[in-house]
Amino acid sequence: MPTETKFDSPPETQQSRRAARIAARDAIIRSAPKLHTVIKYPHPTLLKPSALVTEFTPELAQFVEEMFDSMYAAEGIGLAAPQIDVSQQITVIDISFLERPEDKLVLINPVVIDRRGKQLEEEGCLSLPEIREKIQRDAWVKVRAQNVKGEFFEVEGEELLARAMLHEIDHLNGILFIDRLSRLKRDLVLRRIRKLQKNGEW
Ligand SMILES: [Zn+2]
C-alpha cells in the first residue's frame, strides 16, 4: 500500500494509529512545561541560515525537550529551531511519533557527509500547512552532528528517515521544501498561499 510522506507531518496510516497518535499528542499538550508556536512561511526566520550552536548548556538540553514537546503538540515528526523562531542549528526528529523511543533523534550543527540514490515522495511542512508536493531527495544519507552535550556522532538513514533529516537540515539553511520544486510549480504554490492569506486562512 502506498503511503504519503508528509513533512513535518507524519504519514497517514490506519485510523487506530492516528487515534493513538492524537491521544499521545493530547497527553503532551496537557503535561508539557513549555510549548513553542510554529511560525509559518514567509516569516523571515524561516528564510535565512541559522547560527551554529557553540554553547552546550543545560538550558540547551531543556530547549531540545521543549522542541520535542512542541513537535508532538503540532503532530509533526520533525521540527527545526527556526520553525519556532530560534535561528540556531538544532533539529529534532521522531519518525515513529513516540512509538519507538530509539527513533528520537537530536541533530545539532548537522552536516550531510554522504548520500546515495534518489527517492520521490510527497512532503508537507508544519510551516506550510496544507501544502503537499512530491519532492526528490537522496534515498540514503549519512549525517554528522553533535548531541546536546556537544559530542560528535554520525547517523545513517534511508527512505523516511533520510527524507526527514534532509528536510530539517534544509530548514537550518533557510531552505523550504517548496524551494526544491520547479519554478512553475513553486509559483503555483505561492499563488495558493497568497490566496489563503487573503482569505484569512493562513
Ligand atoms: Zn518543514
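Once both labels are positioned 7 Å from their Cα atoms along Cα-to-Cβ, the gap between ALA27 and VAL111 label points is 3.9 nm. Between TYR72, VAL86, PHE97, the Cα set farthest toward the positive side of the dipole of the stretch 57-164 (charges on each charged residue's Cβ, about the Cα centre) is that of VAL86. In order along the stretch 109-114, the Karplus-derived 3J(HN,Hα) couplings, from 6.51 cos²θ - 1.76 cosθ + 1.60 at θ = phi - 60°, round to 6, x, 9, 6, 10, 7 Hz, and Gly and Pro are given as x. Given +1 at the Cβ of Lys and Arg, -1 at the Cβ of Asp and Glu and no other charges, the dipole of the chain around its Cα centre is 900 debye to the nearest 20.
How high is the relative contact order of the stretch 15-198, given as a whole-number percent (alpha carbon pairs under 8 Å, six or more residues apart)?
Working: 317 pairs, mean separation 39.2, N = 184.
Relative contact order comes out at 21 percent.
For the chain, what is the calculated [θ] at 222 nm in deg cm²/dmol (nearest 500), taking -39500 (n - 2.57) for each run of four or more DSSP H residues and dividing by its residue count?
Details: 4 runs with 63 residues, N = 202.
Value at 222 nm, helices only: -10500 deg cm²/dmol.
Tell me, what is the FRET efficiency for ALA51 and PHE153 to the nearest 0.05, using R0 = 25 angstrom and their Cβ-Cβ distance as r?
Details: r = 21 Å, r/R0 = 0.83.
The value I calculate is 0.75.
Rounded to whole numbers, the Karplus 3J(HN,Hα) couplings from phi for the stretch 20-33 are 5, 5, 5, 5, 5, 4, 5, 5, 5, 4, 5, 9, 5, x Hz, using 6.51 cos²θ - 1.76 cosθ + 1.60 with θ = phi - 60°, and x at Gly and Pro.
Once you've got the Cα coordinates, tell me which of LYS104/LYS134; LYS104/LYS198; LYS48/LYS185; LYS34/LYS185; LYS104/LYS185 are over 29 Å apart.
Details: LYS104/LYS134 25 Å; LYS104/LYS198 38 Å; LYS48/LYS185 22 Å; LYS34/LYS185 37 Å; LYS104/LYS185 33 Å.
Correct reply: LYS104/LYS198; LYS34/LYS185; LYS104/LYS185.
Per-residue extension of 0.36 nm, minus the Cα-Cα distance of ILE39 and GLN136, leaves a gain of 32.5 nm for this segment. In this structure the amide hydrogen of ILE131, modeled in the peptide plane, comes within under 5 Å of the amide hydrogens of CYS125, none closer than 5 places in sequence on its chain. Could you tell me the center-to-center distance, by alpha carbons, between the stretch 34-92 and the stretch 176-195 in angstrom? With the stretch 34-92 and the stretch 176-195 each reduced to a Cα centre, they are spaced 24 Å.
The phi torsions of the stretch 194-201, fed into the Karplus equation with coefficients 6.51, -1.76 and 1.60 and a -60° offset, translate into couplings of 4, 5, 4, 4, 4, 8, x, 9 Hz, rounded to whole numbers, with Gly and Pro shown as x. Multiplying the residue separation of LYS118 and SER16 by 0.36 nm and removing their Cα-Cα distance gives an extension gain of 33.6 nm.
Let a ≥ b ≥ c be the square roots of the eigenvalues of the Cα gyration tensor of the stretch 104-160; is it rounded (a/c under 1.5), or, if not, prolate (a/b larger than b/c) or oblate?
Numbers: a/c = 3.25, a/b = 1.49, b/c = 2.18.
Since a/c reaches 1.5 but b/c is at least a/b, the shape of the stretch 104-160 is classed as oblate.
A cut-off of 5 Å between modelled amide H atoms, ignoring neighbours fewer than 5 places along the same chain, links ARG115 with LYS142. The shape of the chain can be summarised by an equivalent ellipsoid whose semi-axes, obtained from the alpha carbon gyration tensor, come to 24, 20, 19 Å from longest to shortest.
Readers should treat all values here as calculations from the given coordinates under stated rules, not as data from a laboratory. The structure presented is a predicted model; accordingly, all values stated were derived computationally and were not measured. So basically every Cβ, Gly included, is an ideal-geometry build from the backbone, and we count neighbours across all protein chains shown.
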